[in-house]
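The values are calculated or read from the model by the stated rules, or taken from the named source; none is laboratory data. Bear in mind the structure is a predicted one, so any value in this text is a computation, not a measurement. Cβ: placed from backbone, ideal geometry, glycine included. Neighbour counts: every protein chain shown. These accessible areas exclude ligands, DNA and RNA; they are computed on the full protein's heavy atoms, side chains included. Shrake-Rupley method; radii C 1.70, N 1.55, O 1.52, S 1.80 Å.
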Amino acid sequence: MSDRIRIARTLCIVLMTFVHVQPGIPENVYDRDAGFFDIVYFVLTRLVGLSSVSLLSIVSGYFIVSSLKKAGTIGLYRSKLKTLVVPLASWNLVMLAFLGAYGLIWGSWQDWPDITALGLANAIFALAGWPLVVPFWFLRDLFVCCLLSPALCAALQRFPLMTILALIVFTLFGEDLYILQRPQLLLFFALGIWLRMAALDEAAIDRIAKPLALGLAMMTAIFLAIRVERILLADMDETLRLTLDTLLRVTMAGGFWLATEAIRRSPLAAPFMRFEPYAFFLFCSHAILFNFGGIVFRRFFGNYGSELFPITFFALPCLAVMIAVVGLQIINRSSPLLFLFNAGHPAPAFNRGARERIA
C-alpha cells in the first residue's frame, strides 16, 4: 500500500505539470478543430492533468486520520501550517520577486498583484482569490480541509451517508461561498477519510476502484466527444459542468489507483518511488519555471497551434523534473531553506549508488 501511494504521488504530480504549460495564445485552445496533437493536449491537460488532484486529495484525507489521532487537533494545525502554509507563502514570494525583476527589466507588469492588503493576501496566501503561483490553490484548499478534518471525522463516523450527500451539494453549489477555490476537493478529502475509518485493506480498495475505472471509459468518451464537437465546458450549465467534472475526477481517481498497481509490478516502480521525495518540490517549482521558461521556449517553437509547440509542451515538464531533483539537492543541506521551500523534508540521494554509499 505504501509503495502504491508513493507511486501515486509521483504519477499525479508529474501529470499535473502538463496543465500549466502556457499555450501563449489568448483564445480558448479547446475551441479549435481537433487534430492529433489537439486530442493529446486535451487528454493530458483537461482529462488526466486536472483530474490528478482527486487522487492526491483522497490520499491526503486517508492519512489525516492517523495524523489527527497522533498529534491531536492543535498539533495537526501546527504541523499543517509548517507543511502547507509556509511553502505556499515562500514560493509565492519567490514568484513576486521574479515578477518584480521581470517588470523592471522588460517593463511588463501585467501579472503584478494589487499592492493592497487584500491584493497581497490573495497573491501570497490565496485568501479569497488566486495566488501568484496558480497551482498553489491546492495547498490553500488542502489546508482548509485539514482545518475541517476534526469535524469531518466526527460527521463521517456518525452520519456517513448524510455527510457525503452534503459534500456533493457543496461541490455543486459551494463555489460562491469562497470557502474553497475548488469545492470538489473537500469531497475527495472526505472520501479518503472514510476509506481510512472503514479500515479497508488494499484488496477492498481495489474492488471499489475497479468499477470506477470502468466508468472512466465512459467519461473519457463523453469528454472526447465534447472536445471533438468543440463544445466549450465554460458555456455549459454550471451544475451540468460540475457534475460531469466531478464524475470524471472520481472515476479518474479509480483509474489512477489501479495504474499504481500496474506500475508497482513493472520496471518503472523503482524510478517512480525514488522520485517521490522530490514530487512536492516539483509541484511547488514547476509553474514558476513554466511562466518564465515558457517565454523563451515559445520564441523558438511558437505558441499553441504551431507545428513545433509540442516540443515546448513535452520539454518543459521534463525540464521541471530535472530541475526539481537538482534544486532540492542544492538546498538539501540548509534546514531553513528546506523549511521554507520543501515543508522541512530533506531529499535522499537520488541515485542508487549514492544511497548505498550513505548507508
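Quick notes on this one:
- Ordering 120, 67, 144 by Cα displacement along the dipole of the chain toward the positive end leaves 67 in first place; charges were set at the Cβ atoms of Lys, Arg (+1) and Asp, Glu (-1).
- Comparing segment 270-323 with the 2.2 N^0.38 Å rule of thumb, its C-alpha radius of gyration ratio is 1.27 (two decimals).
- Rolling a 1.4 Å probe across the protein heavy atoms gives segment 1-356 an accessible surface of 48 Å² per residue.
- Within the accessible area of the chain (1.4 Å probe), percent carbon and sulfur: 67
- A cut-off under 14 angstrom between Cβ atoms defines the neighbours of residue 343, and their net charge, with Lys, Arg +1 and Asp, Glu -1, is +3.
- The sum of -39500 (n - 2.57) across all DSSP H runs of n ≥ 4, divided by the residue count of the chain, sets its helix-only mean residue ellipticity at 222 nm to -24500 deg cm²/dmol.
- Local charge for residue 284 was computed over the other residues whose Cβ lies under 14 Å away, with Lys and Arg +1 and Asp and Glu -1, and equals +2.
- Computed from the Kirkwood radius of its Cα pairs, the Stokes-Einstein diffusion coefficient for segment 70-220 at 20 °C and 1.002 mPa s stands at 120 µm²/s.
- Inter-probe distance in nm under a simple model that places probes 7 Å from Cα toward Cβ, at residue 322 and residue 115: 3.8
- Pairwise label distance in nanometres, residue 199 with residue 169, each label 7 Å out on the Cα-Cβ vector: 3.2
- Evaluated at q = 0.14 Å⁻¹: base-10 log I(q)/I(0), Debye formula over Cα of the chain: -1.40
- For segment 1-356, a crude dipole built from +1 on the beta carbon of Lys and Arg and -1 on the beta carbon of Asp and Glu, taken about the Cα centre, is about 1340 debye to the nearest 20.
- Only Lys, Arg, Asp and Glu carry charge here, each on its Cβ (+1 for the first two, -1 for the last two); on that basis segment 251-317 has a dipole of about 80 debye about its Cα centre.
- DSSP H segments from the chain that extend 15 Å or more along their own axis, Cα-based, with Kyte-Doolittle mean of 1.0 or above: 86-106, 137-158, 160-173, 184-197, 202-228, 309-330
- Alpha carbon convex hull of segment 225-353, projected area averaged over orientations, nm²: 11.7
- Simple spin-label estimate for residue 266 and residue 333 in nanometres, 7 Å along Cα-Cβ: 3.8
- Per DSSP, loop trypsin sites (Lys or Arg not before Pro) in segment 282-335 with at most 15 further Cβ within 10 Å: 333
- Of all stretches in the chain that contain no GluC sites (Glu not before Pro) in a DSSP loop with at most 14 other Cβ atoms within 10 Å, the longest one is 28-228.
- Qualifying trypsin sites (Lys or Arg not before Pro) in segment 196-270, DSSP loop, other Cβ atoms within 10 Å at most 14: 230, 265
- Partners for residue 69 among aspartates and glutamates (Cα-Cα distance below 14 Å; same-chain residues under 8 apart left out): none
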